[in-house]
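Let me begin by presenting the structure, written as structure tokens, before commenting on it.
The values are calculated or read from the model by the stated rules, or taken from the named source; none is laboratory data. Keep in mind it's a predicted model, so treat the numbers as computed, not measured. No Cβ is skipped: glycine too gets one built from the backbone with ideal geometry, and neighbour counts run over all protein chains shown. Just so you know, the surface numbers come from the protein's heavy atoms only, side chains and all, with ligands and any DNA or RNA stripped out. Shrake-Rupley method; radii C 1.70, N 1.55, O 1.52, S 1.80 Å.
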Amino acid sequence: MGTRLRGMRILVAGGTGVLGTRVVELLRARGDEVSVLTRREGVAGGVSGDLATGAGLDAACVGAEAVIHLATATTPAGWREVDVDGTRRLAEAATRQHVAHFLYISILGVDRIPFAYYRAKAEGEQEVLRAGVPWTVLRLGQFHELLDSLLRVVAAVPVAFVPRGLAVQPLAAADAARVVVDTLDAGPRGRFVGAGGPQILTAKDAAEQWLAARRAAGGRGGAVVELPLPGALMRAFRAGHNLMPASMQPGTAFGDWARERFAAGTGPAYRR
């Protein structure tokens, strides 16, 4: 990031999540004036707004030079209401309030993987384009934190079963936050930008590295078995539509991250 003469006024939707908290922390640490869109009381720097209804969105965007939209629904019932319609409402409010840059955070492969959540994110991308606000869409790889939470489920038994032929390109949420801030600083590009983690791992390799980290911290090891899984969804993953090798970002490799996580005794970032 280059030298900046003054702080920006930035509205962050989803600023209390795994990625959002890190983005907000980075922005505030360098002197930006950050407001966090929220429906809850007690959020530091919070401003009232509801993506599901549109209430408060125009007021929240007043005076903002940039909007970073990281918010997402946590259940299938909310994917259209929040990720599609809510994105439209926020992007249109940003347009009406003359926001100079709308940065929408999406996921690598949303336009090529037939998963309902991904389809909702892809539709959300299109809502940003239609709104008329100066925009950038940043598609990120999955986070180490999510992979860790999933492995805590599949490795709860002595044998961890993982899909055969599946590869991942994860990055730590802290590294992703730096990418978000750098993308914000680059200004509105009017195009899609991708960013994946520093390595591509098979699901088996990732599980084995995670189990080794747990074992090194005094926990149980275990075996990893690959299973062939049918269907269009798995075909898309096996085709590598969730990967972007040219977009590898510097950062902490998954195995190193897992060892640090277990050594610190940190629990899962995503809870079921």
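Pull up region 145-174, narrow it to residues that are of a type in the set (D, E, K, R) and open to solvent by 10 Å² or more (accessible area, probe 1.4 Å), then point me to the one that is nearest to the chain's Cα centre (by Cα). Of everything passing the filter in region 145-174, ARG152 is nearest to the chain's Cα centre (by Cα). Taking the conditions (1) polar (S, T, N, Q); (2) buried (at least 23 other Cβ atoms within 10 Å of the Cβ); (3) out of contact with any helix residue (DSSP H, G or I) (no Cβ under 6 Å at 6 or more places or on another chain) in turn, THR75 satisfies each one other than (2).
What number of residues in region 175-190 are open to solvent by 20 Å² or more (accessible area, probe 1.4 Å) and either assigned to a loop (DSSP other than H, G, I, E, B) or at positive phi (or both)? Number satisfying all stated conditions: 4.
Residues are listed down the side, and each one gets a yes or a no for (1) among the β-branched types (Val, Ile, Thr); (2) at pLDDT below 95; (3) surrounded by fewer than 22 Cβ atoms within 10 Å (Cβ to Cβ); (4) over 18 Å from ALA55 (Cβ atoms):
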| site | (1), (2), (3), (4) |
| --- | --- |
| VAL84 | yes, no, yes, no |
| ARG96 | no, no, yes, no |
| ILE107 | yes, no, yes, yes |
| ARG112 | no, no, yes, yes |
| LYS121 | no, no, no, yes |
| GLY124 | no, no, no, yes |
| VAL128 | yes, no, no, yes |
| GLY132 | no, no, yes, yes |
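Just to be sure, is VAL43 open to solvent by less than 60 Å² (accessible area, probe 1.4 Å) and over 19 Å from the mean Cα position of the chain (by Cα)? Reasoning before the result, please.
Details: open to solvent by less than 60 Å² (accessible area, probe 1.4 Å): yes; over 19 Å from the mean Cα position of the chain (by Cα): yes.
Against the criterion (open to solvent by less than 60 Å² (accessible area, probe 1.4 Å) and over 19 Å from the mean Cα position of the chain (by Cα)), VAL43 qualifies.
Whenever a residue of region 57-70 is crowded, with 24+ Cβ neighbours inside 10 Å, its partners that are charged (D, E, K, R) and outside any strand (DSSP E or B), lying with C-beta atoms within less than 8 angstrom and at least six residues away or across chains, give the pairs LEU57/ASP50; LEU57/ARG89; CYS61/ARG96. When ARG220 is tested against the conditions (1) surrounded by fewer than 15 Cβ atoms within 10 Å (Cβ to Cβ); (2) assigned to a helix (DSSP H, G or I), the lone failure is (2).
Listed residues ARG215, ARG261, ARG235; which is open to solvent by less than 60 Å² (accessible area, probe 1.4 Å), assigned to a helix (DSSP H, G or I) and either more than 12 Å from ARG152 (Cβ to Cβ) or in contact (Cβ under 8 Å) with a residue 24 or more places away in the chain (or both)?
Matching residue, one of ARG215, ARG261, ARG235: ARG261.
Residue count for region 92-131 under the criterion of being among the small types (Gly, Ala, Ser) and within 19 Å of ALA186 (Cα to Cα): the result is 3. Of the numbered criteria (1) open to solvent by less than 30 Å² (accessible area, probe 1.4 Å); (2) within 20 Å of the chain's Cα centre (by Cα); (3) over 21 Å from PRO268 (Cα atoms); (4) not aromatic (Phe, Trp, Tyr), the one LEU201 fails is (3).
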